[in-house]
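A quick write-up on the structure given underneath.
Just so it is clear, none of the values below were taken in a lab; they were calculated from the coordinates. Nothing here was measured: the structure is a model prediction, and the numbers come from that model. Here the Cβ is made from the backbone with ideal geometry for all residues, glycine too, and neighbour counts use every protein chain on show.
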Amino acid sequence: MLTNYVYKLRPNRTQSSKMSAWIDMLRSQYNWCLGDRICQYSQQFIQGDYCDIRTKGEASPLTCFVSKSGATGNPWKDSKLNKEGKARNPRRSAGDIQITALPELKMARPWYSGIDSTVLQQNVKRLDIAYKNFFEGRGFPKFKNRSNFTSFTFVMGIKIKGNKIYLPKLGWMRFYNSRSIPDGFTIKACAVRKRQNGWYVSIRIEDKSVPEYSATAVGDSPKVIGCDLGITKLVHLSDGYQIKNPKLSTNKKAKRTLKIRQRRVSRKTKGSKNRKKAAIQVGKFHQKISDKRQAYQWKAANLIVSRNVDVIAIEDLNISGMMRRCKVKSDEKTGRFLKNGQSRKKGLNRAIFDASWGDLGLKIEYLAAKQGKIVIKVNPKHSSQECRNCGHIDQSNRDGEKFICVECGYHEHADIGAAKTIRDRALKMVRGDSAKLGVQHLNAQKISPRRTGKRGEFGNLSNQDIKNEIS
């Protein structure tokens, strides 16, 4: 079993300044390695034939490697026999080449010798993970700046004794031991991260004797609950329960406080110490909001998972697509840009970012796995526009939080009805895929609407609540 514990560090001034210098050097190394790989790819696959300076002959990048001055040069190694007597693959990956070139980096730049070797190696592997994510369909790796590169990782030589932790090349360091590590767990790695109010360490511990969490078997009639994510309410459940959205960064007080603190930054002289101090106050305010959001989402996830159900159905939302900018509109005659609704959508994007649906879904999956429950992601297409009585789908069925079918006149709360539709789709998937009950994620299929003659089905809401929701 693997798990992570997070603690706040209490470094002295020397250790704090050394870790800050490490982050700057590691960010420079990461950017150089990324630039070297981009240059290697450009020279090997994009450029045309070139003239070799040494041989003064024509060469092709497809057959001859160019960037020998970089760490990604010399991709071939001597083929040796492994333990089984077979020849090893002489071709090395870019990450292996750059890790092998670390001694040369320390000789050329001696100040890198002060950083632990495993930290430098993990920094290169961090770039490997970024490339792996890119090949799986995510964005291309980007160059890092001070705002998005704030951590480094140790994998060896970590020791803990009481409220002190030993980190290689940094020495013993105190930390707030707010959560003792259970007996039997061994330290596998730790990540040190810099935040606005100090340094934090995330320790990964493992106990092989403790089995991993496994989903329990679901019977013929499983209990399923549907979750519809929203902005007015954070989550609408299919049993009628609603979880409020605190709107921590989009409420009136938070927006005014943030506006004042950002204005203080803009009025300070660029590059001055006062400007840096004012920027730190802005960062601390964002961190305070983030911590509140995390705490609230854990409570909401616990509330959802602790219900007496076997399967939890959540929406499979394309959040990045929902927050994408509107397409540009222009007049064909004059060429002027026309209004495309982006100024109005900006407020919606902020509300979606504040709700943080993706993080909430991850917390629900984590807690559900601990309790042996199954989480299914369902396609939410037309879930709030589909009539649960006649199956008619029309955009005009919904008006805000009200749902009134234009065909049969069926009415209910739009978001709670959407949660029930998600629940029914998940139930259909569970019954149809009984052999895959241990799978956490299932792709949604086209499902016929659930036919029911009940009207005004609102779960555990009272009659007065129903009137308030409809009116």
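All other residues whose Cβ lies under 12 angstrom from that of D394 are scored, Lys and Arg at +1 and Asp and Glu at -1, for a net of -2. Taking all Cα pairs closer than 8 Å and separated by 6 or more residues, the relative contact order of the range 140-187 comes to 21 percent.
Reachable lysines from K247, Cα under 19 Å, same-chain residues fewer than 8 places away excluded? The reachable lysines, counting only those whose Cα sits under 19 Å from K247, are K233, K255, K259, K284, K288, K292, K299, K345, K346, K363. Below 11 angstrom from the Cβ of R350, what's the summed charge of the other residues (Lys, Arg +1; Asp, Glu -1)? In short, +3.
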